[in-house]
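The values are calculated or read from the model by the stated rules, or taken from the named source; none is laboratory data. Note that the coordinates shown come from a computational prediction; the quantities given were computed from them, not determined experimentally. Ideal geometry is used to build each Cβ from the backbone, glycine not excepted, and the neighbour counts take in all protein chains shown. Keep in mind that these areas ignore ligands, DNA and RNA; they rest on the heavy atoms of the full protein, side chains included. Shrake-Rupley method; radii C 1.70, N 1.55, O 1.52, S 1.80 Å.
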Amino acid sequence: MGLPTILLVEDDSNDEELGRLALEANSIKCDLVIAHDGPQALDYLWARGGYAMREAGILPKVVLLDLKLPKLSGIEVLRQIRDHPRTRHLPVVIFTSSKEESDLIECYRLGANAYVQKPIDFAEFSAALQQIGIFWLIANRTLSNKLSAHEQTA
Amino acid sequence: MEATASDNPRPILHGVAHTEAFRDEVFQSLFDILDGYAIFMLAPDGAILSWNTEAASIFGYTEQEITGRPYSTLYTPDNDREERMSADLERSLREGCCDTEVWRMRSNGTRFRARVSLTPLRDTDDRLQAYLGVTRDLTRRDYAEERFRLLVNSVQDYAIFMLDPSGRIMSWNTGAVRLKGWTAEEIIGRHFSTFYTQADIDSGHPAQELNIAANTGRYEEEGWRLRKNGERFWANVVITRLNDADGKLIGFSKVTRDLTERRRNEQALRESEERFRLMVESVKDYAIIMLDPEGHIISWNAGAERIKGWRAGEIIGRHFSLFYPPEDVKSGKMGYELKTAEREGRFEDHGWRVRKDGSCFWANVVITALRDERGKLRGFSKVTRDISEQKAAGDSLRRAHEELERRVRERTQLLEAANQELESFSYSVSHDLRAPLRSMDGFSAALLKSYGEKLDERARDYLWRIRGSSQRMAQLIDDLLNLSRLGRQQMRKEPVDLTALAGMVADELRRAEPKRSVEFTAQPGLEGYGDPNLLKIVLENLLGNAWKYTGRRERARIEFGGSIQKNRTVYFVRDNGAGFDMAFADRLFAAFQRLHSPNEFPGTGIGLATVKRIIQRHGGDIWGQSEPEAGATFFFTLDSGGPQ
């Protein structure tokens, strides 16, 4: 068993780099996987396409999902994650610039676990990622794959 | 009871001889004189003793058949005829004579009306010897004529009298007295032209009437006649020639009726009808016409001529289908209209009608069935109005309305499109404009952190400036987005405790800067009607500004209050801070307009623009009052039109 995985779905390479910097700055030890668009994120999660060789049973501890994405919007990615039995209970934290109420409502309706607006001030940005990391990688307990599978058949 | 009847049970037998002698003596002579009278003698007990030939002819019994039978044989065969006979005999004894009109019966069973008298006959000793009975058949012609004369005489409502062949008056009845005023004595023997006006007499009219009656048997007319007092009356006169059995002219009967009253009524009715006709004819705004039951035009007024173009002479007698467009004629609309009016009494319609020149007009038509007193359909009245102008006005109003609705729809669509655009604009602003700022701030921060030691003081200062600018820009973007959202979001109005809300905002400000000492007062019991979230933003901004601009005061004072002015509550937020120059007051509420530099007081210049937008959405007003360094007061009102 290696480091816990975070899947960051982010098309902006600057934000990707800032995220990496923030995690490093907070000494959060994790395997940061980046998906640059929606389909890539789904391929990774469901171990298909470019990720077909990946072991399907291993899921990230948390997905950080931007909303404004090329090809497939973050909202649509969230919907598909929740529709798929394997990822139905996967923690998804919306991590976006938007603070539109309509986005908030829609994300929670579709089963997002949290909604965090990306702060512009790097200090705040960094603090936000630190809290996300501590909570989802360390404090939070996820359903084991076995339990998840069991729940599927129930 | 008469004593003689009981004292002497059989006086008849005893007195027969005497009576017979008496009979011979008296009656033989009467027989010839009294033609038409049944004359008979009765014994005191009522048995018939004798019978003349007239009695035989009237009653149908021969003398042999009837002699010795009781007088009651001649009565109508009711059960009590014996008693009635006794009563009659007693009455004649008592009264000396009994003269009555009664029914009698002939031997063949037929009945007749008779005048009967019964007289007791007494001898010199005043003893009852017999009764003398006299009976006349009142139904025989000569008597009948007499009765008819009496009848005629008694008629009151008609003057009935006879003229001789030359026109002289021979008889005069009660009606004639009443109608004409002369008594019989005054008028009999005078010529009937007495009743005529001088003009009639001069033209020989009375003689002509007699001539016509003599030649044709009858003459009738209505005309003026005179009463004795010279008064005229309108009379119906019938003169009938009277003939004797050989057909020879023996005179005339003349029956006159007073029609004055009737004539007066008829005249009044005619005049009223005439007035009505004139009125209908002169009406110009309505075509009022009459149709016969089949729909042919009987009358035509001025309005009909004006509206439809035909003159009365051209149209009367023609069918009213002429007024209908060909498609209505084809579909038989007129027949349907008349049937409906006949069935329901009335038919109303709006539709196109045709004028004489072929042009069409939009008409309101009411057809009413006309029935006589017995309910028989006599025709229809048809009232037509040309309402083309109203229809045109209505049509153009409707078109204008539709146009307006279309424009509103268009505008709404435009507005919705604009809103949509604004929505997606702010959405993309909120996403896309932030990301670069975050990079600027983030990488500057990373530079400072990881490479700070390699940079000199100046370079680090620049990096800090980059970070400050990006954060300020982020704030601007947030404020702008909030402002644009204000115009779009739904308001939920309700009563709001503004005093409590102001206290809450002040507490938040104190918590944010616990080191500052500010004296804050809020007038108790201030209420407003509006959206609580938006009103909180108003107070946050106004109190926040007051808080900010009193930053340099040692004894900062902020006051929230309100007062009723001109039926509405004017709220205010007052401070003793930096204030502003009233010369710039109109720029206070424009977005990004600041009266102070960011170095003096930080801010984006969005706050008051936001406040003004909210107040406007509440139907209220906001204004400020200040002098530099003398503090500022911001007043605002809210729409008072909440539920009372």
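Per residue of B:464-476, other chain Cβ atoms within 10 Å of the residue Cβ number 1 on average.
Annotation for region A:83-124 versus region B:261-296: alpha-carbon center distance of 91 Å. Inter-chain neighbour count for A:94-101: the average number of beta-carbon atoms from partner chains within 10 Å of each residue's beta-carbon is 5.
Restricting the calculation to Cα atoms, every distinct pair contributes to the Kirkwood radius of the protein assembly as shown, found to be 42.9 Å. Inter-chain neighbour count for A:113-123: the average number of beta-carbon atoms from partner chains within 10 Å of each residue's beta-carbon is 5. Of the accessible area of region B:31-102, computed with a 1.4 Å probe over protein heavy atoms only, carbon and sulfur atoms account for 47 percent. Per-residue Karplus couplings for region B:524-529, computed as 6.51 cos²θ - 1.76 cosθ + 1.60 with θ equal to phi - 60°, are listed in order as x, x, 7, 10, x, 10 Hz, Gly and Pro entered as x.
Taking A:Pro119, A:Pro60, A:Pro91 as the candidate residues, the one with maximal mean-square fluctuation in a Gaussian network model of chain A, Cα springs under 10 Å, is A:Pro119.
Would you mind telling me the share, in percent, of accessible area of region B:233-310 contributed by carbon and sulfur at probe 1.4 angstrom?
Numbers: 2380 of 4350 Å².
Result for region B:233-310: 55 percent of the exposed heavy-atom area is carbon or sulfur.
In this structure the amide hydrogen of B:Leu49, modeled in the peptide plane, comes within under 5 Å of the amide hydrogens of B:Met41, B:Leu42, B:Ala43, B:Gly68, none closer than 5 places in sequence on its chain. Rounded to whole numbers, the Karplus 3J(HN,Hα) couplings from phi for region B:113-125 are 7, 9, 9, 10, 10, 10, 10, x, 10, 10, 7, 5, 8 Hz, using 6.51 cos²θ - 1.76 cosθ + 1.60 with θ = phi - 60°, and x at Gly and Pro.
Working from Cα pairs under 8 Å separated by at least six residues, relative contact order for chain B is 5 percent. Solvent-accessible area assigned to carbon and sulfur over region B:112-192 amounts to 53 percent, based on a 1.4 Å probe. The alpha-carbon atoms of chain B, seen along their principal axes, cover 197, 76, 50 angstrom, with the largest extent given first.
Amide H contacts of B:Ala522 (H built 1.01 Å from N, in plane; Pro and chain starts excluded): B:Phe560 sit under 5 Å, all sequence-distant by 5 or more or on other chains. Using C-alpha pairs under 8 Å with a sequence gap of at least 6, the mean separation divided by the residue count of region B:541-624 gives a relative contact order of 24 percent. The alpha carbons of region B:155-286 occupy a box of 70, 31, 30 Å along the principal axes, longest dimension given first. Going through the DSSP H helices of chain B, which span 30 Å or more along their own axis at the Cα atoms while scoring at least 0.0 as a mean Kyte-Doolittle hydropathy? Once both thresholds are applied, what remains is B:11-33. Electrostatic tally near B:Ile477: other residues with Cβ closer than 14 Å to its Cβ, Lys and Arg +1, Asp and Glu -1, net 0.
Interface size, chains B and A: roughly 1900 Å² of accessible area buried, both sides included, 1.4 Å probe, rounded to the nearest 100.
Rounded, prolate or oblate: pick one for region B:543-587, where a ≥ b ≥ c are the square roots of the eigenvalues of its C-alpha gyration tensor, a/c under 1.5 means rounded, and failing that, prolate if a/b is larger than b/c, else oblate. Because a/c hits 1.5 or more and a/b fails to exceed b/c, region B:543-587 counts as oblate.
Need one number: convex hull volume per residue for region A:47-111, Cα atoms only, in Å³. Intermediate values should be presented prior to the final figure.
Values: hull volume 5.9 nm³, N = 65.
Enclosed volume per residue, from the Cα hull, is 91 Å³.
A loss of 50 Å² or more of accessible area (1.4 Å probe, protein heavy atoms, ligands and nucleic acids excluded) relative to the isolated chain is seen in these residues of region B:424-455: B:Tyr427, B:His431, B:Arg434, B:Arg438, B:Phe443. Once backbone amide H atoms are built at 1.01 Å from N, A:Ala35 has A:Leu8, A:Val9, A:Glu10 as its partners under 5 Å, excluding neighbours fewer than 5 places away on the same chain.
I'd like to check one number: the per residue accessible area of the protein assembly as shown, probe 1.4 Å, reported in Å² as a whole number. All intermediate terms of the calculation are to be shown ahead of the outcome.
Working: 44310 Å² over 798 residues.
Accessible area per residue: 56 Å².
Could you grab the relative contact order for region B:69-160? Cα pairs under 8 Å, six or more apart, rounded to a whole percent. Could the numbers behind the result be given before it?
Working: 111 pairs, mean separation 16.8, N = 92.
RCO, region B:69-160: 18 percent.
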